[in-house]
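Read the structure below first, then the notes.
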2 protein chains.
Amino acid sequence: MQPKFIAISEIIIKRIKEGELMPGDKVPSENELISTYKISNTTARKCLLNIESRGYARRIKGKGTFVLNRTVEHQLVRTLGSISSTRKGFNESLIAEGYTPKNIIIEKNILNDGISSDIMGKHYIIDGAVLKIRQLRYADDILMKDETRYISLKLCPKIDRLSSEISYFKTYEAQYKLKISDIKQTLSVDILDPSSALNNFEVEKQIPIFVLDSAIVCESEQVIEIERSFYRGDKYKFAINAHPEYNLNYSFNPDK
Amino acid sequence: MQPKFIAISEIIIKRIKEGELMPGDKVPSENELISTYKISNTTARKCLLNIESRGYARRIKGKGTFVLNRTVEHQLVRTLGSISSTRKGFNESLIAEGYTPKNIIIEKNILNDGISSDIMGKHYIIDGAVLKIRQLRYADDILMKDETRYISLKLCPKIDRLSSEISYFKTYEAQYKLKISDIKQTLSVDILDPSSALNNFEVEKQIPIFVLDSAIVCESEQVIEIERSFYRGDKYKFAINAHPEYNLNYSFNPDK
């Protein structure tokens, strides 16, 4: 069974989500919670701390607990730092979450002179012909991601002739038999202005936007793909798991 | 030696960084680059693609390449998804980068009733007494991070009596002999408004802000620490490396 303080937190959070309690409004005080829900002051305190630690409100000393000005609606979570999560394509993830994906290709052409990108101060270069493909990716008709990929045609010949509905990552592995050794990613943020020429997102007010740069490198240290994508910051959240290097007593097994 | 297209890109990027070319301005065209630098059209094209792929400009078909409205000044990079990077404290990282760190504790007290946090839809709960410590963390007198940690006093008795200049993470390992098995983190973004009551950052215009939630879990699956921190989005960038699970032919070695 759910602890009582969580059950009551959920009631308050529901009121915040539904807009009954607005950003800046005061959340019920400890004493109000005690008298409304007939709970102990310990439970009331836990409840306020829970609402605060989950990011819906912040306590200001001597003044009370106030609803935060955050977009607390359901956000999509994408895991970074895991090849198995990357393998799952954009469409596949959305379908699993109950959305209808749609992709519109707004640019697809071959650059003959290669491409380079800076990630964490390092140059990643793809030599020779590169497929540039820019796609607008929608969930239930809302633009979620503006994605540009540059794919090595030397490593993936004729990939430009495949349907762009594929998971490119899976295709590198399955069709081109490339062994991925590394995915380098950096995440930065920006504010997207409705008046910006880059506003494919058609937002009517400013929103935060994630900028994801990545490079996929294979065992021969050649770069397979460089990506620069923009994700709606009010719709996405990124999750990262740290790997417990020193807890794994691994040894190399050459027979495998 | 640096390829010629990179050298010329750097010249243009320098003009963007120094504000000679402003957001929305047109970057020199292919033909202008050819006549200014006496280069081939291949080199000129590579140069524009390089500036675009590094995020300083974007090409708009049939119109030219325009400087992006991004804060392209030097950003601090922090690596997520790596325990060894987490081990390095906030101060230590800044000093290595040539900054002078300063920390101001604005709240430090003991909560007797535990705390809980939602990360990736999972509840992380610390039972019993918890040290809550909120610190404002500066680099060269600019507030970079507003950090709140909740630390289990059951797992780390008397940690409230230690100097807060320590790296807490190292202390969990070295002093309390805790084996960290997992760090779960999520990164979301928001826009910080100068008028916000939460504006410890004292910004005069809107800035994007990273919200980092994390939970540090030890081998017994008990939660050592829950953190919620705000990082200036115009000053930070996060890097993530994906680990190549299937390239490691590991096997468990029980003798180790």
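The values are calculated or read from the model by the stated rules, or taken from the named source; none is laboratory data. Not measured: the values here are computed from a predicted model. When we count neighbours, we look across all protein chains shown, and the Cβ atoms used for this are built from the backbone with ideal geometry, even at glycine. Ligands, DNA and RNA are excluded from the accessible area calculation, which covers all protein heavy atoms including side chains. Shrake-Rupley method; radii C 1.70, N 1.55, O 1.52, S 1.80 Å.
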| said: For chain B, what does the relative contact order come out to in percent, with C-alpha contacts under 8 Å and a separation of six or more? | reply: 16 percent
| remark: Rounded to the nearest 0.05, FRET efficiency between residue A:104 and residue B:221 (Cβ-Cβ, R0 51 Å) equals 0.70
| query | What chymotrypsin sites (Phe, Trp or Tyr not before Pro) does the range A:69-166 have in DSSP loop regions with at most 12 other beta carbons within 10 Å? | reply | none
| query | Could you give me the ³J(HN,Hα) list for the range B:41-49, computed from phi with Karplus coefficients 6.51, -1.76, 1.60 and θ = phi - 60°, whole Hz, x at Gly and Pro? | reply | 5, 4, 5, 4, 5, 4, 5, 5, 5
| remark: Residues other than residue A:61 with Cβ under 13 Å of its Cβ, Lys/Arg counted +1 and Asp/Glu -1, net out at +4
| request: Enter the Cα centre distance for the pair the range A:147-209 and the range B:131-179, rounded to the nearest angstrom. | output: 38 Å
| field | For chain B, size of Cβ-based charge dipole, Lys and Arg +1, Asp and Glu -1, in debye | value | 820 debye
| Taking a 28 Å limit on the Cα-Cα distance, which of the listed pairs B:88/B:184; A:158/B:237; A:88/B:235 fall beyond it? | A:158/B:237; A:88/B:235
| Longest exposed-site-free window of chain A, the sites being GluC sites (Glu not before Pro) in a DSSP loop that have at most 13 other C-beta atoms within 10 Å | A:98-164
| For chain A, calculated [θ]222 nm from helices alone, where every DSSP H run of n ≥ 4 adds -39500 (n - 2.57) | -6000 deg cm²/dmol
| note | For the range B:161-216, shape from the Cα gyration tensor axes a ≥ b ≥ c, cut at a/c of 1.5 then a/b versus b/c, turns out oblate
| Spacing of the two label points (7 Å from each Cα toward its C-beta) at residue A:20 and residue A:96, in nm | 3.5 nm
| said: Report the gain in length on full extension from residue A:181 to residue A:164: 0.36 nm times residue separation, minus Cα-Cα distance, nm rounded to one decimal. | reply: 3.8 nm
| note | Quick note, chain A: a/c under 1.5 would make it rounded; otherwise a/b > b/c is prolate and the rest oblate (a ≥ b ≥ c, C-alpha gyration tensor); here it is prolate
| Contact surface A-B: accessible area buried, both sides summed, square angstrom, 1.4 angstrom probe | 7800 Å²
| Given R₀ = 41 Å, FRET efficiency for residue B:123-residue B:41 by Cβ-Cβ distance, to 0.05? | 0.10
| said: Using the Cα centre of the range A:122-222 as the reference point, and only Cβ charges (+1 on K/R, -1 on D/E), how large is the resulting charge dipole? Debye, rounded to the nearest 20. | reply: 500 debye
| query | Where the eigenvalues come from the Cα gyration tensor of the protein assembly as shown, what are the semi-axes √(5λ) of the equivalent ellipsoid, largest first, in whole Å? | reply | 41, 27, 23
| request: Of the options B:120, B:152, B:203, report the single residue whose Cα projects farthest towards the positive end of the charge dipole of the range B:106-205 (beta-carbon charges: Lys, Arg +1; Asp, Glu -1). | output: B:152
| request: Quick one, can you get me the convex hull of the C-alpha atoms of the range B:4-67 expressed as volume per residue in Å³? | output: 73 Å³
| Beyond 18 Å, what share of the Cα-Cα pairs of the range A:76-153 remains, rounded to the nearest whole percent? | 55 percent
| task | Compute the label-point distances linking residue B:59 to its equivalents in the other copies; points lie 7 Å from Cα along Cα→Cβ; give nm, one decimal, shortest first. | result | 5.6
